Amino acid sequence: HAVESAKGKYAHMLFNELFEDYSNALRPVEDTDKVLNVTLQITLSQIKDMDERNQILSTYLWIRQSWYDAYLKWDKDKYDGLDSIRIPSNLVWRPDIVLYNKADDDFSEPVNTNVVLRYDGKITWDAPAITKSSCVVDVSYFPFDSQQCNLTFGSWTYNGNQVDIINSLDSGDLSDFIEDVEWEIHGMPAVKNVITYGCCSEPYPDVTFTLILKRKSSFYIFNLLLPCILISFLAPLGFYLPADSGEKVSLGVTVLLALTVFQLMVAEIMPPSENVPLIGKYYIATMTMITASTALTIIIMNLHHCGSEAKPVPQWARVVILDYMSKIFFVYDVGENCTSPKREKEERKLEWDDGCQKRHKEVRSHLSDRNDDCDLKEKLNGNLNKSYGVHGENVREAVNCCSCYKMLIKNIEYIANCVRDHKANRAKGIEWKKVAKVMDRFFMWIFFIMVFFMSVLIIGKAA
């Protein structure tokens, strides 16, 4: 206790003697032409925020500055071996080193922490600072991007002939860095620059610390990218929906609106620059693909609803689409599948048509025989009228019956023609429906392949 009291006594004595005629307004050098060297060291403690939209980086720094004051020296042997004292920083001269690319509205004074004053005149000033610096953000590869933000420190009024800045280390100190949830630190190299500005002829030195950041993309992958990939895989399934369901176009429009919402979410956090983010390009490409799929769905639905008024299926479409592509994409007619080939169905149809035609011929032959009998009876009736001039009741009835048969034959032929025309028109509509179904399957696989390759490309950027 006695020793500490003695040191406290010598410290007061030293403080009074040192600051009796001391002024902190002037640069502490004995020769005004001599350059005062200031050693600068930056320790990065935490990244508080990265505002991509406003391009501002907020960091928590520990700034250490050290220099020699020619008027604050003493012989430690005269003061009982006292080699250092701690005094308020506003009592001594301090270099006006500031952050050049500061983006904060608050231009307050530095924190008035104590400085450590050694017997040889060396002053060490450690001050914490929360800085907001401008940072040019390149979001071309968002959310798999890397950023480089500069922190440039230099004297605001002293030129290089008065105060020179020296790097304490080749890079910023990251030993006390607190791990950030969004960014990884890959380095903080320091470079000294000597620049001559247009306003002044003297050189002005500064030290630039480049903060190399790599974004942790897991959050954006699970919240922005994967939902978009899953939604985009729904677009090709619109081709698989039956045309009569009435939901094919609705599905495409719904998927398009969902992707528009995600696109707006990305646009809110990105700066309004010419560089479109990678995820934004993926959204635009997917939305373009869905728009094309919706337009193709409308065209295919028009093919599906082609009726009797439509032209027959062209021969090239019949060969390419109905014969070849239908087999490739496993599109079969109603009641036809891979275990029941089309040939068996056609054979059954031919047998049924042959039976119908055979029955039709029998009916026509029978009606023709009855018609011949009617013609014979009309001739006999004419001969009797000429020979005897009398009308037989039986002959008259037979003639009336024959006229009924003639009318029946005409009606049956009219009905048969109508049924034949209806079947032809129905077959034409069935062919167009099959063409539409084959095109649905074709575009479904095309768009599935496109979505798959687009997803592989966007995920490959993360690797």
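The values are calculated or read from the model by the stated rules, or taken from the named source; none is laboratory data. What you see is a predicted model; the values in this text were computed from it and never measured. Note that each Cβ is placed from the backbone with ideal geometry, even for glycine, and that neighbours are counted across all protein chains shown. Accessible surface is based on the protein model in full, side chains and every heavy atom, while ligands, DNA and RNA are left aside. Shrake-Rupley method; radii C 1.70, N 1.55, O 1.52, S 1.80 Å.
Before moving on, here are some points about what is shown:
- Some residue of the stretch 135-148 being hydroxyl-bearing (Ser, Thr, Tyr), exposed (fewer than 13 other Cβ atoms within 10 Å of the Cβ) and more than 30 Å from Lys78 (Cα to Cα): no
- Hits in the stretch 89-118 - residues which are open to solvent by 70 Å² or more (accessible area, probe 1.4 Å) and assigned to a loop (DSSP other than H, G, I, E, B): Asp105, Asp106, Phe107, Ser108, Glu109, Val111, Asn112
- Of the set (1) in a loop (DSSP other than H, G, I, E, B); (2) closer than 18 Å to Thr39 by Cβ, all apply to Ile165 but (1).
- Flag if Asp170 is open to solvent by 50 Å² or more (accessible area, probe 1.4 Å) and in contact with a Ser or Thr (Cβ under 9 Å, 6 or more places away or on another chain): no
- Within the stretch 191-199, one or more residues are at pLDDT 90 or above, out of contact with any Cys (no Cβ under 6 Å at 6 or more places or on another chain), of a type outside the set (A, V, I, L, M) and open to solvent by 20 Å² or more (accessible area, probe 1.4 Å).
- Evaluating Ser155 against the criteria (1) under 37 Å from the mean Cα position of the chain (by Cα); (2) polar (S, T, N, Q); (3) closer than 20 Å to Ser133 by Cα leaves one unmet condition, (1).
- Residues satisfying the stated conditions in the stretch 66-88, i.e. acidic (Asp, Glu), open to solvent by 10 Å² or more (accessible area, probe 1.4 Å) and out of contact with any helix residue (DSSP H, G or I) (no Cβ under 6 Å at 6 or more places or on another chain): Asp75, Asp77
- Looking across Val276, Val261, Val266, one residue alone is loosely packed, with under 11 Cβ neighbours inside 10 Å and within 14 Å of the chain's Cα centre (by Cα). It is Val261.
- One residue stands out among those in the stretch 450-463 that are in contact with a helix residue (DSSP H, G or I) (Cβ under 9 Å, 6 or more places away or on another chain) and not polar (S, T, N, Q): the one that is modelled with the lowest pLDDT, which is Ala462.
- Counted residues, the stretch 18-65 - those being among the small types (Gly, Ala, Ser) and either open to solvent by 40 Å² or more (accessible area, probe 1.4 Å) or assigned to a loop (DSSP other than H, G, I, E, B) (or both): 2
- Candidates Lys34, Lys48 - the one that is among the basic types (Lys, Arg) and closer than 18 Å to Gln147 by Cα: Lys48
- Subset of the stretch 204-255 [of a type in the set (D, E, K, R), open to solvent by less than 30 Å² (accessible area, probe 1.4 Å) and within 28 Å of Lys461 (Cβ to Cβ)]: Arg215
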